[in-house]
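Inspection log for the structure reproduced underneath, given as structure tokens.
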């Protein structure tokens, strides 16, 4: 039994309390206190539903030197995540039921965050032959995606949407037109020209989103089930507008944004530091403002980390050769609590919903409720500030664009079905 005393509750429905929350047998037993062996002081802190990350690269199998399930899922619970969707662009890709099952079994044995594997949409992520959606779903896959590669063949994507729909799986897309992106390493524009670097134009994202939405329309017309399209790491104003228009038209499309696109712009690359090299690239301040508006009006359903760990040696290469990606599982919520809630006024219930209820809805999962009898997958958040110290990360990628930044909103207790999986009280 765990009793969290005098704590405020925050979720999509708002804030309430302070209350005394009793947890036991994997559930919230009471909001009015009770007897417990372990008592936690919640004064000045917030209790929220556990977070779900829709988009994390845990690198297993094949690149365990960068991350593995043990380090990645430990990083996740330290970041307040109770559930994590792992991307399938590993070596080899996660494209068979056997691989999905093996990942889930290994994660279960670790006893950290719950792993929800994504499986590849196409065999080998080569964009040609579909993977067996039904068998992948049976093995535990929660969505299909060729993330890391763009789906160039519209017919294959259409067939994938139709097949996935029959088994209740969403399809997530890395929406970039490869022929427009070419070798771009940063946002295409005046700064890229000034630095002499190849640019990735915002039109590459918008053009592919527009096409994929038309493919979704086709799949809807042809399918007795409801195909669901999820747009990953949306980064541009025009891309956001296209998703907003599609939602208003009633299309079953969802979208996510990342902590780095919400807090950094292309200006971070003026010093040619490959730490800021991501795909899609950091965009303009105007794009960032559009994303913030999308958080408020519901165009964006979730904040997903796109946690992408690499070795320090790789990220210390020059900007043209360094890999894309930023590790952020452990700092995502404190970063956005500080930058969007405290500094920009994003309501805390909305921010929490973007980390919990929103991503669960994308997967078709019910929300985690803060009420008696509900599953006790919870995170206790402390608003007190402390600096980001990447040297103390659980992730193998011990570097961060936000190193030294003073942030509040740190997860100090994470429970998965009532089990303490992280404690820093």
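Output the number of residues of region 308-334 satisfying the condition of being under 23 Å from residue 46 (Cβ atoms) and touching a strand residue (DSSP E or B) at 6+ places or on another chain (Cβ under 6 Å).
Of the residues in region 308-334, 3 are under 23 Å from residue 46 (Cβ atoms) and touching a strand residue (DSSP E or B) at 6+ places or on another chain (Cβ under 6 Å).
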Subset of region 360-392, residues in a loop (DSSP other than H, G, I, E, B) and within 18 Å of the chain's Cα centre (by Cα), comes to 363, 364, 365, 366, 367, 368, 377
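Among the residues of region 214-266, count how many are part of a loop (DSSP other than H, G, I, E, B) and within 19 Å of residue 156 (Cβ to Cβ).
5
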Here, strands (runs of 3 or more DSSP E) confined to region 1-88 with at least 1 residues that are touching a strand residue (DSSP E or B) at 6+ places or on another chain (Cβ under 9 Å), in contact (Cβ under 8 Å) with a residue 12 or more places away in the chain and closer than 30 Å to residue 140 by Cβ are 2-11, 14-24, 27-30, 46-49, 51-56, 81-86
By residue number, the members of region 400-425 that are part of a loop (DSSP other than H, G, I, E, B) and either without any contact (Cβ under 8 Å) to a residue 24 or more places away in the chain or over 19 Å from the mean Cα position of the chain (by Cα) (or both) are 403, 404, 405, 408, 417, 418, 424, 425
| request: For residue 210, indicate whether it is free of Cβ contacts under 8 Å to residues at least 40 places away in the same chain, touching a strand residue (DSSP E or B) at 6+ places or on another chain (Cβ under 6 Å) and farther than 25 Å from residue 325 by Cβ. | output: no
Screening 360, 391 for residues that are in contact with a strand residue (DSSP E or B) (Cβ under 7 Å, 6 or more places away or on another chain) and either at pLDDT 95 or above or closer than 21 Å to residue 423 by Cβ (or both) leaves only 360
Of the residues that make up region 355-363, is at least one in contact with a helix residue (DSSP H, G or I) (Cβ under 7 Å, 6 or more places away or on another chain) and under 30 Å from residue 31 (Cβ atoms)?
yes
Matching residues in region 217-235 (buried (at least 20 other Cβ atoms within 10 Å of the Cβ), farther than 15 Å from residue 143 by Cβ and either free of Cβ contacts under 8 Å to residues at least 24 places away in the same chain or touching a strand residue (DSSP E or B) at 6+ places or on another chain (Cβ under 6 Å) (or both)) number 1
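The values are calculated or read from the model by the stated rules, or taken from the named source; none is laboratory data. Please read all numbers here as calculations on a predicted model, not as lab measurements. As a convention, Cβ positions derive from the backbone with ideal geometry for all residues, glycine included, and neighbour counts pool all protein chains shown.
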